[in-house]
Amino acid sequence: MDQAEQLRIIKANNQKVQRPLARVITVTSGKGGVGKSNTSINLAIQFRKMGKRVIILDADFGLANIEIMFGAVPKHNLCDLIYQGKNIKEIITWGPMEVGFISGGSGIAGMSNLSRDYLTYIIQNLAELDAIADIIIVDTGAGIADAVLEFLVASGEILLVTTPEPTSITDSYSLLKALYRHPRFKSEMTKVKMIANRVDKENDGVVLFNKLNAVVARYLKIPMTFLGSVPQDDKLAKAVMQQMPVSIQTPAAKSSLAYEKIALRLLDKEEELKQPKRGMAAFFSHIVTGK
């Protein structure tokens with residue numbers, strides 16, 4: 001039995017058990033420093049305030065942005081699940097408001113080279129996240145590295161964080177172009193939703209979206225939607241320095257209210273019905289096998 005067949009059996013068994021499936025949201029950006037990890041964390045906090053169980057997978061290998069912003073040091077990471085025999089619950093670190101996060105380490109990059117038995121163990125463990133969380137946020141690295149593109153291809157729901165800086169707009173387009181050219185990308189299976197970060201006014205975000213969307217629609221034919229804007233906010237910068245999400249430290253801050261509005265939009269009943277849940281087993285099986 002080959003590797004792909006083994007993973008298909010795992011997914012079939014998961015479906016027979018009828019375990020709940022988590023909603024997997026992948027947050028990405030064309031370049032670093034645009035507020036991608038801040039977006040992941042603050043959306044997670046807003047989801048928690050709305051009663052959702054949330055886990056963040058920090059897939060930005062080597063940078064550990066999530067743990068720094070949470071002010072928490074994880075004892076274990078995904079490498080310990082893969083190579084040290086830890087189970088999924090042992091590698092979850094619990095941050096503020098009981099938002100769980102998993103440090104990716106460098107483990108995922110080598111998953112495609114693992115034996116069938118290892119993969120079986122890993123996928124089965126990752127499938128357990130569906131019972132632990134309602135929403136799993138995957139915080140990718142920035143740019144068009146192969147590891148980033150693998151996550152985006154596997155994801156049915158991508159949040160693209162962009163700022164008004166010309167380099168951010170250009171790099172966002174470059175990322176979408178690389179995604180479009182990926183041999184396994186299917187536009188009909190992927191929803192790309194843009195968040196305009198660090199804008200002066202709400203309408204600036206609309207202008208930014210229209211500018212990027214016009215080029216994407218013309219040359220890439222990738223449908224995009226606009227989720228909303230997050231304004232420039234000194235309180236957000238202060239919260240980052242104090243390693244505390246602004247949505248907790250200053251709930252009435254302009255940025256906190258913007259994140260709340262975006263989270264509400266994502267949890268809108270009609271929006272959720274449009275976004276089928278795939279769960280973590282299917283997500284990682286796609287990364288490993290390409291199917």
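The values are calculated or read from the model by the stated rules, or taken from the named source; none is laboratory data. Quantities reported herein were computed from a predicted structural model and do not represent experimental measurements. We place every Cβ from the backbone using ideal geometry, glycine too, and count neighbours over all the protein chains shown.
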_Please verify whether ARG198 is in contact (Cβ under 8 Å) with a residue 60 or more places away in the chain and surrounded by fewer than 21 Cβ atoms within 10 Å (Cβ to Cβ), treating the condition exactly as stated._
no
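Results for (1) touching a residue at least 24 places away in the same chain (Cβ under 8 Å); (2) loosely packed, with under 15 Cβ neighbours inside 10 Å; (3) outside any strand (DSSP E or B); (4) in contact with a Ser or Thr (Cβ under 7 Å, 6 or more places away or on another chain), shown as yes or no for each residue.
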{"position": "SER174", "(1), (2), (3), (4)": "yes, yes, yes, no"}
{"position": "LYS177", "(1), (2), (3), (4)": "yes, no, yes, no"}
{"position": "VAL216", "(1), (2), (3), (4)": "yes, no, yes, no"}
{"position": "LEU227", "(1), (2), (3), (4)": "yes, no, no, no"}
*If you take the residues in region 186-214 that are part of a loop (DSSP other than H, G, I, E, B) and not polar (S, T, N, Q), which one is farthest from ARG265 (Cα to Cα)?*
LYS186
_Here are the criteria: (1) modelled with pLDDT of 95 or more; (2) loosely packed, with under 14 Cβ neighbours inside 10 Å. Tell me which single one SER256 does not satisfy._
(2)
*asked:* Looking for something surrounded by fewer than 18 Cβ atoms within 10 Å (Cβ to Cβ), modelled with pLDDT of 85 or more, out of contact with any strand residue (DSSP E or B) (no Cβ under 6 Å at 6 or more places or on another chain) and in a helix (DSSP H, G or I) - is there at least one such residue anywhere in region 108-124?
replied: no
*asked:* Looking at region 135-151 only, could you name the residues that are among the hydrophobic types (A, V, I, L, M, F, W, C) and not in a helix (DSSP H, G or I)?
replied: ILE135, ILE136, ILE137, VAL138, ALA142, ILE144, ALA145
_Residue that is nearest to the chain's Cα centre (by Cα), among those in region 31-83 that are part of a helix (DSSP H, G or I) and charged (D, E, K, R)_ = LYS36
*Pairs under 8 Å by beta carbon, first residue under 11 Å from SER37 (Cα atoms) and among the aromatic types (Phe, Trp, Tyr) in region 55-80, partner surrounded by fewer than 15 Cβ atoms within 10 Å (Cβ to Cβ) and at pLDDT 85 or above, six or more apart or different chains?*
PHE70/GLN243
*Got at least one residue in region 142-152 being surrounded by fewer than 21 Cβ atoms within 10 Å (Cβ to Cβ) and free of Cβ contacts under 8 Å to residues at least 24 places away in the same chain?*
yes
_Taking the condition of being within 25 Å of VAL99 (Cβ to Cβ) and either part of a loop (DSSP other than H, G, I, E, B) or at pLDDT below 90 (or both), how many residues in region 153-172 meet it?_
4
_With in contact with a His (Cβ under 9 Å, 6 or more places away or on another chain), farther than 16 Å from VAL230 by Cβ and β-branched (Val, Ile, Thr) as the only criterion, which of VAL138, VAL153 stands out?_
VAL153
_With the requirement that a residue be in contact (Cβ under 8 Å) with a residue 24 or more places away in the chain, touching a strand residue (DSSP E or B) at 6+ places or on another chain (Cβ under 8 Å) and more than 13 Å from ARG48 (Cβ to Cβ), what does region 252-269 give you?_
SER255, ALA258, LYS261, ILE262, ARG265, LEU266
*How many of the residues making up region 31-71 are touching a strand residue (DSSP E or B) at 6+ places or on another chain (Cβ under 8 Å) and at positive phi?*
2
*Inside region 4-30, can you point out the residues that are assigned to a loop (DSSP other than H, G, I, E, B), modelled with pLDDT under 90 and in contact with a helix residue (DSSP H, G or I) (Cβ under 8 Å, 6 or more places away or on another chain)?*
ARG19, PRO20, LEU21
